[in-house]
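Notes for the one structure printed next.
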Amino acid sequence: MIVNPFLSPGSQEPPIGSEDCQIIHYHAVQAAARGLRPYAIPESLPLAGLSERAHLHGAETFFFHPADIEKLFARVTMAVYRAIRALYCSRLGRSIKMVWHILRMMASEAGAPIIPYEAVWALCLHMEELRRQEIGVQIERGKANWWIGQTAPDITIQEGASMQYQPVITWCVETKNERVLAFRIASCEASDERGLLVLYDALTANRRPHPRVATGLL
């Protein structure tokens, strides 16, 4: 359970150190300039202009004035930091914007000022490696070939009082052992995403327990 940081005893703590915040923000801007999570970039951050200046004058351009950093992170206590870590590094895989939305609702519940999105964004990018460790899926590449195809038998199907339809069977098979991994049956008018759905079914059917990874699955 994630405790509301604006109602917990830690809500009375002083904000985290401004020098730490400046380093966190600096690395976040650097990561964004490299293309990390482009859809999460704050509207308040003039990234294009900063990147252009950094190209001319060096990465020091990404350092913001200490007064601006202090204002941006003014309400970020260790309790808030822990809440962001719990929300962002959860196996639910929440987006940065969803983390900020939840924090905003928590602040509203406590009658506390809302933390700027840019501060939450910087902290989330700071936790990116921890997030990967917590929610990353261990993938093993097999040697077998898979085929995906469709078969349309010359029959009709009627389910209850519904209209009759001609089925299409979309399947995924492993060629070496001639083993069916997954299949779906739908009408010929069904969505063109049937192949992707069958591939998803085949992949999930091949998951197995693995004790040495955070998710417990290989």
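Just order 171-179, 67-75, 52-60, 79-87 by mean Cβ neighbour count inside 10 Å, highest at the front, would you?
Output ranking for 171-179, 67-75, 52-60, 79-87: 79-87, 67-75, 171-179, 52-60.
Which residues does a label at Trp147 reach in the range 161-200, if reach means a backbone N under 15 Å from a point 7 Å past the Cα toward the Cβ? The answer is 170-182, whose backbone nitrogens lie closer than 15 Å to the label point.
Note on the chain: dipole from Cβ charges, positive end direction compared against Ala33, Ala110, Leu130; the farthest Cα belongs to Leu130.
Using only DSSP helix segments of four residues or longer, with each worth -39500 (n - 2.57), what per-residue ellipticity at 222 nm results for the chain after dividing by its residue count and rounding to 500?
On the way: 8 runs with 90 residues, N = 218.
The helix contribution divided over the chain gives -12500 deg cm²/dmol.
How big, in percent, is the set of alpha carbon pairs in the chain lying more than 30 Å apart? In whole percent, the share of Cα-Cα pairs in the chain beyond 30 Å is 49. Label positions at Leu196 and Lys176, each projected 7 Å from the Cα along the C-beta direction, are separated by 2.9 nm. Distance from the alpha carbon centroid of the range 1-31 to that of the range 78-127 works out to 10 angstrom.
What percent does the relative contact order of the chain come to when contacts are Cα pairs within less than 8 Å and at least six residues apart? Could the numbers behind the result be given before it?
Details: 282 pairs, mean separation 38.8, N = 218.
The normalised contact order for the chain reaches 18 percent.
In the range 9-135, Cα pairs under 8 Å separated by at least six residues give a relative contact order of 36 percent.
Phi angles of the range 173-185 translate, via the Karplus equation with coefficients 6.51, -1.76, 1.60 and θ = phi - 60°, into HN-Hα couplings of 10, 8, 6, 4, 9, 6, 10, 6, 8, 6, 7, 9, 10 Hz per residue; Gly and Pro are given as x.
Throughout, read-outs are computed from the coordinates displayed, never taken from laboratory work. Worth saying up front: this structure is predicted, and the values here are computed from it rather than measured. Cβ: placed from backbone, ideal geometry, glycine included. Neighbour counts: every protein chain shown.
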